[in-house]
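Below: the structure, in structure tokens.
Taken together, the values in this text are just the output of simple stated rules run on the coordinates, not laboratory data. In this text, all values refer to a predicted model and were calculated from it rather than measured experimentally. Cβ placement follows ideal geometry from the backbone for every residue including glycine, while neighbour counts extend to all protein chains displayed.
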Amino acid sequence: MTLGEYIRALVTTLQECDARAYERLCHVVGTRRAFIQLDAQSVYVRMHHGILEVEDAGRERLPVEGKGSIDSATVLALLRGDLEVFEAILDDRLVVHGDLVQINRMFQAIEILLDVAPRCPAMQQLSKGFVEEALSWQLAPAVSRVNWYPFAVNPAELALLARYGLLAQFQ
């Protein structure tokens, strides 16, 4: 399945599984155009009167409000739950460009899809198909997790870990 076919299938399945979530997606995305790249494939996507339009990127560069790129290994890690979206961003595995409002809209669209997926068997089947296809390409190495701390580690925390013999596990 190509990137464009997969995106079409995701959005169509979202509409069939949860009409209200689809309406939220249409509202969040509006008529904005985004450029999406997965590995070597890239497409332009936008909603027009509630209908998804997907165009192969080709050579023509269309104006966009946002751009996003990711690789299959990272998608698989996200689907497996091995990696969180914020970790993928911090590790430069998920790269987005645009002004802050447009980036927020792109992430809202992703969150709408991720929110519905656990309740929608058809979306789970799409995910399973993507995983099987990507694994056949051998593009799914394990993604190591990076622990990001928004603040410095407190010396008291280190002392507590050392007291219980846990500190060596993290060094």
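For Thr2, Thr74, what's the fewest-to-most ordering of other Cβ within 10 Å of each Cβ? Mind dumping the intermediate values first?
Details: Thr2 12, Thr74 23.
Result, fewest neighbours first: Thr2, Thr74.
What does the charge add up to near Gln102, with Lys and Arg as +1, Asp and Glu as -1, over the other residues with Cβ less than 14 Å from its Cβ? Summing Lys and Arg as +1 and Asp and Glu as -1 gives +3. Residues in region 6-15 carry Karplus couplings, in order, of 5, 4, 4, 5, 4, 5, 4, 5, 4, 4 Hz; the curve used is 6.51 cos²θ - 1.76 cosθ + 1.60 with θ = phi - 60°, and Gly or Pro positions show x. Principal-axis analysis of the Cα atoms of the chain puts helix 121-136 at an angle of about 70° to the longest axis.
If R0 is 22 Å, the Cβ-Cβ spacing of Ala57 and Ile89 corresponds to a FRET efficiency of close to 0.50. For the chain, the Cβ-based charge dipole about the Cα centre amounts to some 220 debye (Lys, Arg positive; Asp, Glu negative; other atoms uncharged). Sorted fewest first by neighbouring Cβ atoms within 10 angstrom, His27, His49 come out as His49, His27. Seen from all directions on average, the chain presents a Cα convex hull projection of 12.5 nm². A simple count of charges around His27, restricted to other residues whose Cβ falls under 13 Å of its Cβ and scoring Lys, Arg +1 and Asp, Glu -1, yields +3. Of all DSSP-defined beta bridges confined to the chain, some 75% are antiparallel rather than parallel.
Selection among Phe107, Met1, Cys120 by position relative to the dipole of the chain gives Phe107 as farthest towards the positive end (Cβ unit charges, Cα centre).
For region 21-128, the set of GluC sites (Glu not before Pro) satisfying both a DSSP loop assignment and a count of at most 12 other C-beta atoms within 10 Å is given as Glu60. The separation of region 38-53 from region 76-120, counted between C-alpha centres, amounts to 16 Å. Please give, to one decimal in nm, the separation of the simple spin-label points placed at Arg163 and Lys128, each 7 Å out from Cα toward the Cβ. According to this spin-label approximation, the distance is 4.9 nm. Among Arg32, Arg163, sorting on how many other beta-carbon atoms sit within 10 Å of each Cβ, with the fewest leading, yields Arg163, Arg32.
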